[in-house]
Structure formats: C-alpha cells, structure tokens
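What follows is a set of notes on a single structure, which appears directly below.
The values are calculated or read from the model by the stated rules, or taken from the named source; none is laboratory data. Note that the structure is a prediction, hence the values are computed from the model and not measured. Quick reminder, even Gly has a Cβ in these numbers, built from the backbone with ideal geometry, and neighbours come from all protein chains shown. When the accessible area is computed, the model is the full protein with side chains, heavy atoms only, and any ligands, DNA or RNA have been set aside. Shrake-Rupley method; radii C 1.70, N 1.55, O 1.52, S 1.80 Å.
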Amino acid sequence: MSALATVLIPLILALMLAAPAALRELSYRLAPWAPLLLLWPWASAGEIALDWPLLGLGLALDEGSHPLALLCTVAWTLAGWLARDRIDRNRRWFWSGWLLALTGMHLLLLADNLATFYVGYAILSLSAYLLVTHARSEQAWRAGRIYLIMALAGEASILVGVLLLAGQLGNPGFDELQQAADVLLNSSARWFLLAGFAVKLGIIPLHVWLPLAHPVAPVPASAILSAVIVKAGLLGCLRMVPALATDPLWLGHALLVLGLLTTFGGALLGLAQSRIKTVLAYSTISQMGLIMSGFSLLFLVPGEREAVLGIIGLLALHHGLNKLALFMSCANQPGSSRWRLTLFALPALALCAVPMSTGFLAKTALKYELQSSPAAAAAVFLLTLSSTSTALLMWKAFTLARRMNSADRKAVHPAWVLAVLAAMVLPWWTAWQLGLDGILSTASLIDGLWPLLLAIVLVTAHARSLPTARINLPEGDLLAVVETLFKRWSSAPDAGLRFSLTRPSWRLPLGRWLRQLEQAQRRLPVAGLIMLLIGGLLWLLIGFA
C-alpha cells in the first residue's frame, strides 16, 4: 500500500488547506517534505491494483522510472524547503497548487496503466496553473491564461489518443501497450499523444507557455516547473508513444531534426531576452530539444532500447538538477559575492557540457549511441556544436546573475547549496549504476573542448566590436506575433463575426464572458480542488469507456 499512500497523502494535505486554521498550519508544515514519500515505494518493491471505485488504478515503480523518481524526490523536496522559508504571500494558493501537482506527479511516476497515467497527467497540468498565477498580478494572469490554453490543447490531443487506444485495448498496462504493434500501426493515437506531450516538453513551436510562466511564478515554482514538471511530457512519450520495429526511418529522422531545431532555437531566442528567469526558461526549451533528440534514438536504433532509455534518464536527471540549482539561485542574490557566483557558475558550466561535468557525461553518452544511427556524422557534429549555443546562453545568464545584488539580501539558503551538490554528484552515481561512466576517453575530452573555445571567441569578438548591440524579443516570441495578428483581425471593419479577448463586442461578447469567468475563478480560495474534480470526472469517463 506504500504506492497508494504516496499518492493519497499529498492529496489529503491539499484538502486540509480548505479546513480550519489548525489543520491548514499542519499542512503548511508537512507539505515541503511530502515528496520524500516517493522513497517508500522505491524501497518496498511491488505493485497495487484496485478496481472499484478507482476503476482500474494500477500503481508500481518500475526501474525505467528510477532516474525521474530520483529527480522528483530531490528537486521537489529542496524547492519545497526553499518555499517554506521564502513564500509568505498567498500561501494557501501556492501550497494548493504545489501539493496537487505533486499528487499528479507521483501518480504519473507510479502509473502502471493508461487510465492511471492520464488522470495523473491531467491533475498535474491543471494544478500547475495555481503555481503560475501565484503572484495574482496582471502579468501572472496573462501567463496563466496562455499556460491554461496550451495545457488544455495538449490535454485534448492526449485525450483523443487515450480514447483511441482505450476503444481497442481497454485500459492496457504499459507492457501490453508496447506489444500492441498492430493496433498502434493502424491508429493515429501515437501522433495525437506525441503532439500533446510535446506541449509539456516545450518543443518549438509549442513552447510559448514556458518563457511566460517562469518569470511570473515564484522561484520554487519555477524550479520544479523547469526541473520536473516538463519531464512529464518525456515520461508520457516513453510510456505511451513506443517505437515499433516497422516504423519508417524517416520518423526517427524527423524527431531528431525537431529536437535539434528546438535545441538551437531555444538558445538563440534566449539570447534576445533581458530577464534571468526568462533566459533560464529558454535554456530549458533548448535542453528539452536535446532530450527529444535522445528520444529519436528509440526509432533510429530500435535494437538498443535499454541503453537509450538509460541515456535519456541520465539526460533528464542532469538537466533537472542543474536547472533546479540555477532557478534557486534567483532567490539568493547570486551577484552578492564570489561564493554565490560560484554556486551559480557550477550548474551553468555543467549545462555547457564542460569536460568532466555531468553535462559532458550525458552528452557524450548521447553522441556515443547516435554514432550507430543512420544520421551519425551530421547529428553528432550538431550535438557537439550545441554546446556553443548553450555556452553563449549561460554566459548571458551569468551576466544577468552578476547584477542581482540588493542591499537587503538574505543568507544563502542551504537548499540551494544542496541542489548544486546534488547536481554535481547524482548524475555521476546514476551513470555508474548504468555502466555509462566508461564511455569517456581522451578523444571525447578533446571533442568537448572546441565548442567551448568557439563560444569564448564569439563572446570576446562581440564584446570588442559591438559592445552596445542589443537584440530584444518579447517573452513568448511567436505568441507576440499571433496576438498582434489577432488584434488586427478582430479590429478590422470587415472582420465579420467580431470578438475580442480584451474588450466586449456587441455581436459576440466573448471578451466580457471570459473576463467574468476569470474574475470568478480568481475569487475561489481552493480553485485547485475544482481542477481535481475535473480530473476525477475524466477518470470516471475513461473507466466507463
């Protein structure tokens, strides 16, 4: 029953936030440590299956989930420790979203069948809205709207895929789903699922919610959004979009190209930003491109599935822990001293894949496996070159971090220091467990140096020749273009059935209705519980399907 308790206890703590003050205070005290519950099913191997009233609930922690489970436990706990000491406004709103999102994430990691996974995914996606809108500013509400639109669009695509599979297979376990090649080949379910999970991963052009959500969310929320929650899309791809032996080779190439475009596109867009959390958000988009490139190997080298899964897990753990440390630095004034700048620089250098860092280990493992694919030469070169774009982006982040030096700075929070240490140690431990630490060689060290030297040359040349040059893009990039076009269309005299998201129209007062709905939602003290009920309703629908 340990797996069931891991899901139910965070949910009970969330429900306690709607109770009298004494129970609320107890929930506030226990909430930061709720992620440690995941260690319970990890230590006590086994699975649980329940029928009514949970309609096919299946929970088990398989070995393939261990890197992401480790990431979730460490990152969510350390970010929760920071939140306990730094979140003093709108606490009920924040911890409602925090605990409900944790409930969804635990359910995702422990899910053993299709319906259980989808319900966990829905709870996670909807609850994260509370984290994005915690500040309750106009900017936060706008970011929340965009997040919710993208999240619901992704949910709709995933739901279509889930129902297509459920119509033929019922509520299959993931092992059964992997073996249902005939059903998957003759169904479009995988492509609906892949599109929906790509939204959560932030794959370009479905990335626009990330650079809007991170700057307005409180630092602990930004940390888990980037470190853990985006990985829900990866987990969905691994479990519900299996590679088949009969898949055409072009599919793997298309996923690889999409991953590389996201890797370079995220870095280049991030260079045109001026806020550190926005730069780090675009860095997450770029790194998710690397993870998508790793996912493409399941289609390019299907005979190496176990090795590829290990590399993807290592990439996710490396990125999650280092990005956790970078976001947590934003609450610790990294520009205040050399010691704090060093704590910022260490995970930044790891993301740049500096030789002998965890990023170098993960990227070398990815390139090593890619060498046996049909696209080896060009893909390996581009993956190596991506260290240059990442280094440029991290230099941008470092220059912004140096300016974070206020007179009322607080002491360095211990959770930040532990996050940096975890990022330096745990990926190496995981690589040792997977047997990947033996792939490093002198040649790989040399191969990892030239992209960084190229980045140094580019930074030096830019500083000398164009010291005042600035290129600024709005946060959300493509979204700004869409919004501009939409406003022009809606204000055109011959637009026909006109409506506006910002002002009412006498023909179709959609804007007024949306504003009234949002104002009502803002007044709900436990809006997350309503979202949970929506997720439960979807669970019932799937169970009866």
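For the reader, a short list of remarks on this structure follows.
- Under a model in which nothing but the beta-carbon of Lys, Arg (+1) and Asp, Glu (-1) is charged, region 250-357 shows a dipole of about 460 debye around its Cα centre.
- Distribution of pairwise C-alpha distances over region 64-153, 10 Å bins, in %: 17, 42, 34, 8, 0
- Relative contact order (%) - criterion: Cα under 8 Å, at least six apart; region: region 271-387: 23
- Probe 1.4 Å, all protein chains present, accessible-area order of Trp209, Trp191, largest first: Trp191, Trp209
- Taking His214, His253, His462 and ordering them by how much accessible surface each has at a 1.4 Å probe, largest first, produces His462, His253, His214.
- Among the protein heavy atoms of region 221-290, carbon and sulfur supply 78% of the accessible surface, probe 1.4 Å, non-protein parts ignored.
- Ranked by how many other beta carbons lie within 10 Å on average, peptides 437-445, 337-345, 178-186, 9-17 from highest: 9-17, 337-345, 178-186, 437-445
- Geometric descriptor of region 300-424, per residue, is 90 Å³ (volume of the convex hull of the Cα atoms).
- 1.4 Å probe accessible area per residue over region 321-475, in Å²: 48
- Estimated D of region 85-131 in µm² per second, where Rh is the Kirkwood radius over Cα pairs and Stokes-Einstein applies at 20 °C, 1.002 mPa s: 196
- Farthest toward the positive end of the dipole of region 297-389, out of Ala350, Pro334, Leu321, is the Cα of Pro334, where the dipole comes from beta carbon charges about the Cα centre.
- Whole-Å distance, taken between Cα centres, linking region 281-302 and region 349-404: 12
- Net charge over other residues, Cβ less than 11 angstrom from the Cβ of Phe197 (K, R count +1; D, E count -1): +3
- A 1.4 Å probe run over region 162-244, with the rest of the protein chains in place, finds 26 Å² accessible per residue.
- Accessible-area value, Phe360, 1.4 Å probe, nucleic acids and ligands omitted, Å²: 10
- Whole-percent carbon and sulfur share, accessible surface of region 342-469, 1.4 Å: 69
- Over every Cα atom in region 216-334, the radius of gyration and the widest Cα-Cα span, Dmax, amount to 15.5, 53 Å.
- Mean-position separation - Cα centroids, region 187-257 and region 414-433, in angstrom: 24
- Members of Lys200/Lys396; Lys277/Lys323; Lys200/Lys277; Lys231/Lys396; Lys277/Lys363; Lys231/Lys323 lying beyond 21 Å, as alpha-carbon distances in this model show: Lys200/Lys396; Lys231/Lys396; Lys277/Lys363
- Shown are Leu26, Leu234, whose ranking by accessible area with a 1.4 Å probe and every protein chain present, most to least, is Leu26, Leu234.
- Estimated Rh, region 103-252: Kirkwood, alpha-carbon pairs, angstrom: 15.8
- When the convex hull of its Cα atoms is viewed from all sides, region 282-371 shows a mean projected area of 5.9 nm².
- Estimated translational D of region 242-295 in µm²/s (Stokes, Kirkwood radius over Cα pairs; 10 °C; 1.306 mPa s): 134
- Only the Cβ atoms of Lys and Arg (+1) and of Asp and Glu (-1) were treated as charged; on that basis the dipole of region 362-459 about its Cα centre amounts to roughly 460 debye.
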